[in-house]
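Some notes on the structure that comes next.
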Amino acid sequence: MPTDLAVLSACETGQGRLAWGEGIVGLTRALMYAGAPRVLCSLWKVDDAATHALMVKFYAAWRASDGTPNRGVAAALRAAQDHVRAQPQWKHPYYWAGWVVWGLPD
């Protein structure tokens, strides 16, 4: 899989089943075995509107088109989570804390 990052912007995409001696087996692990060095996924059912806002901000920070330097995946996710958390209707961790990056540091 020739990519820097696989993004799974749906509910519970970071979940899997625990296999004895293997760890967590799921879609995230399959994408990493296929060659994606990093996977952005959610750990629980996520709110659609908050996810939309988070993804827009994430991509704007990760691959800036306005001439500002690009951020790494983890820094872009953090900026997106901070943006969502700053909105009064989404300040509760339910709306922003379920998003994680699995894989190699960038």
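Read the figures in this text as sums done on the coordinates, not as results from a lab. Treat the numbers as computed from the prediction; the structure is a model and nothing was measured. No Cβ is skipped: glycine too gets one built from the backbone with ideal geometry, and neighbour counts run over all protein chains shown.
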Among (1) of a type in the set (Asp, Glu); (2) free of Cβ contacts under 8 Å to residues at least 40 places away in the same chain; (3) not in a helix (DSSP H, G or I), which single condition is residue 106 missing?
(2)
I need the full set of residues from the range 63-95 which are out of contact with any Leu (no Cβ under 8 Å at 6 or more places or on another chain), closer than 16 Å to residue 5 by Cα and assigned to a helix (DSSP H, G or I), in order please.
74, 75, 76, 78
Kindly indicate the residue of the range 72-106 that is touching a Phe, Trp or Tyr at 6+ places or on another chain (Cβ under 9 Å) and farther than 22 Å from residue 28 by Cα and also surrounded by the most Cβ atoms within 10 Å (Cβ to Cβ) among those meeting that condition.
84
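Considering 46, 84, which residue is under 16 Å from residue 8 (Cα atoms) and among the β-branched types (Val, Ile, Thr)? Lay out the reasoning, then the answer.
Values: 84 fails: under 16 Å from residue 8 (Cα atoms).
Exactly one residue qualifies, and that residue is 46.
Within 15 Å of residue 101 (Cβ to Cβ) and either among the small types (Gly, Ala, Ser) or out of contact with any helix residue (DSSP H, G or I) (no Cβ under 6 Å at 6 or more places or on another chain) (or both): is that true of residue 50 in this structure?
Working: within 15 Å of residue 101 (Cβ to Cβ): no; either among the small types (Gly, Ala, Ser) or out of contact with any helix residue (DSSP H, G or I) (no Cβ under 6 Å at 6 or more places or on another chain) (or both): yes.
Taking the combined requirement at face value, the residue does not satisfy it.
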